[in-house]
Amino acid sequence: MWQPSWSCPRDGWFYPPTLFTEVEPAATIAQVEIFGPVLVAMTFRTPEEAIELANNTRYGLAASLWTENVNLALDLAAKIKAGTVWINSTNLFDAAAGFGGYRESGFGREGGREGLWEYVQPRWEAEAKKAPGNQKDSKDEEDDKDDRDGAPAGLPPIDRTAKLYIGGKQIRPDGEASRKILGPDGRLIGEVGEGNRKDVRNAVEAARKAAPGWAKATAHLRAQILYYIAENLAARRDEFVRRLAAMTGAGPDAAGAEVELSVERLFTNAAWADKYAGQVQATPLRNFTFAVYEPIGTLAVVCPDDAPLLAFIATVAPAVAMGNTVVAVPSERWPLAATDLCQVFDTSDVPAGVINIVTGSRDALSGVLAAHDDVDCQWYFGSREGSAAVERASIGNLKRTWVNYGHARDWADPEQGAGEEFLRRAIQVKNIWAPFGE
């Protein structure tokens, strides 16, 4: 630390100009924004290393770049992650130029044209809000439905087979087989891949690969991703309503209620992600005993047929919120609601491998998952016989199981389809004893 020999005035708040040298990049003074006459100097060998040092911070309000090479300056200025970069100068401001930060230095801008966008909106958007009769009638909805189905009324829709979702990618099943999904009237709605043992193996490997990073991710990050999934699902509400109605025969109101409850479950579990975090145990000795909640690891979820979208969300969301990676087997009869979610996951920043979906025979896939040594826990919501088979298959690998023995749940009921029960099943508790005093 280098400081001048003279002292600062005693009246007011003054700090002497200070220079720090031989500073490590991870040091606090190198990582935080210091608003004062303090400079941290670090050496570098190449321009690339200089950029790494400059961007090695959570902040990004402004930066100054000093060099005799103008071409190099322009090249590096584009690579520095800061809202303002001054070349061979510093602290230059004008109302014609925007000013604001990147990352944890905030968002939005003051000044410049970009600053004006914070206060205006497109004229058409303002007029659309004021115009009466801007809601579509039922005929418009039918016309839109024909367009969305990809063909005019009276022509068959495009034949599309939903794929498996493994490692963040939609993948064809290993056996290249598929199964038909029929509506209540026997009409063909679509087809899904028929997963097998190898597909389960690939899904488990993808989940295990993603597990360490997802478990170490902050609870806030997990919450934000779940919120994002909910927002994107809500934006595609009408699409999922039509899908549920086509599969189950439910009316628009019932299908709409299931989608809305699914969004609610996502919001609820996102809110729990950074709040269901352990407690201090009241042990009698002179110590602190901390009950730390940790994710189990890789969790298999086998979903029921009823409420195909809601049940899938209600089981997968709490497991993911608590830091687990998931291999999910959706409804055997109506899996298309879950396979449609793959696109939602792709646009919601879900890391690859955190959520994996294998479609096919529920009990066949469940048996493979129960016997798999790298699956740490399995939830099964199906028949009594299937529940017993899961428990038998899990004996050899001491897998944690949660089965329903054929007892149906009302997934719309908050007590049965949501709440701390699902969170509790998704964690394991570690007690840490910390003695103090004599």
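Key figures for this structure:
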{"read-out": "Matching residues, the stretch 313-337, being under 16 Å from Leu369 (Cβ atoms) and of a type in the set (A, V, I, L, M, F, W, C)", "value": "Val316, Ala319, Val326, Val327, Ala328, Val329"}
{"read-out": "Qualifying residue in the stretch 190-206 (condition: at pLDDT 95 or above, of a type in the set (Val, Ile, Thr), in the same structural domain as Ala352 (by TED's automatic domain parsing) and within 24 Å of Asn269 (Cβ to Cβ))", "value": "yes"}
{"read-out": "Qualifying residues in the stretch 200-244 (those that are within 22 Å of Val302 (Cβ to Cβ) and among the charged types (D, E, K, R)) - the one surrounded by the most Cβ atoms within 10 Å (Cβ to Cβ)", "value": "Arg243"}
{"read-out": "Residues of the stretch 41-52 satisfying the condition of being surrounded by fewer than 16 Cβ atoms within 10 Å (Cβ to Cβ) and within 20 Å of Gly101 (Cβ to Cβ)", "value": "Glu52"}
{"read-out": "Residue in the stretch 347-357 that is surrounded by 18 or more Cβ atoms within 10 Å (Cβ to Cβ), among the acidic types (Asp, Glu) and out of contact with any strand residue (DSSP E or B) (no Cβ under 6 Å at 6 or more places or on another chain) present", "value": "no"}
{"read-out": "Number of positions in the stretch 247-276 that are surrounded by fewer than 21 Cβ atoms within 10 Å (Cβ to Cβ) and among the small types (Gly, Ala, Ser)", "value": "7"}
{"read-out": "Residue check for Asn232: assigned to a helix (DSSP H, G or I), of a type in the set (S, T, N, Q) and either over 19 Å from the mean Cα position of the chain (by Cα) or not assigned by TED's automatic domain parsing to the domain that holds Ile427 (or both)", "value": "no"}
{"read-out": "Single residue of Leu19, Leu61 found to be surrounded by 14 or more Cβ atoms within 10 Å (Cβ to Cβ) and either in contact with a strand residue (DSSP E or B) (Cβ under 7 Å, 6 or more places away or on another chain) or in contact (Cβ under 8 Å) with a residue 24 or more places away in the chain (or both)", "value": "Leu61"}
{"read-out": "Answer from Leu226, Leu221 - the residue that is among the aliphatic types (A, V, I, L, M) and either in contact with a Gly (Cβ under 6 Å, 6 or more places away or on another chain) or touching a residue at least 60 places away in the same chain (Cβ under 8 Å) (or both)", "value": "Leu226"}
{"read-out": "Matching residues, the stretch 170-217, being touching a residue at least 40 places away in the same chain (Cβ under 8 Å) and part of a loop (DSSP other than H, G, I, E, B)", "value": "Pro173, Gly183, Pro184, Asp185, Glu194, Gly195, Asn196, Ala217"}
{"read-out": "Index of the failed condition, Asn91 passing every other in (1) on the phi < 0 side of the Ramachandran plot; (2) exposed (fewer than 14 other Cβ atoms within 10 Å of the Cβ)", "value": "(1)"}
{"read-out": "Residue under evaluation Pro304, criteria (1) in a helix (DSSP H, G or I); (2) at pLDDT below 95; (3) not small (Gly, Ala, Ser), criterion not met", "value": "(1)"}
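The values are calculated or read from the model by the stated rules, or taken from the named source; none is laboratory data. The structure displayed is predicted, hence computed values, not measured ones. Positions of Cβ are backbone-derived with ideal geometry, glycine not excepted, and every protein chain shown enters the neighbour counts.
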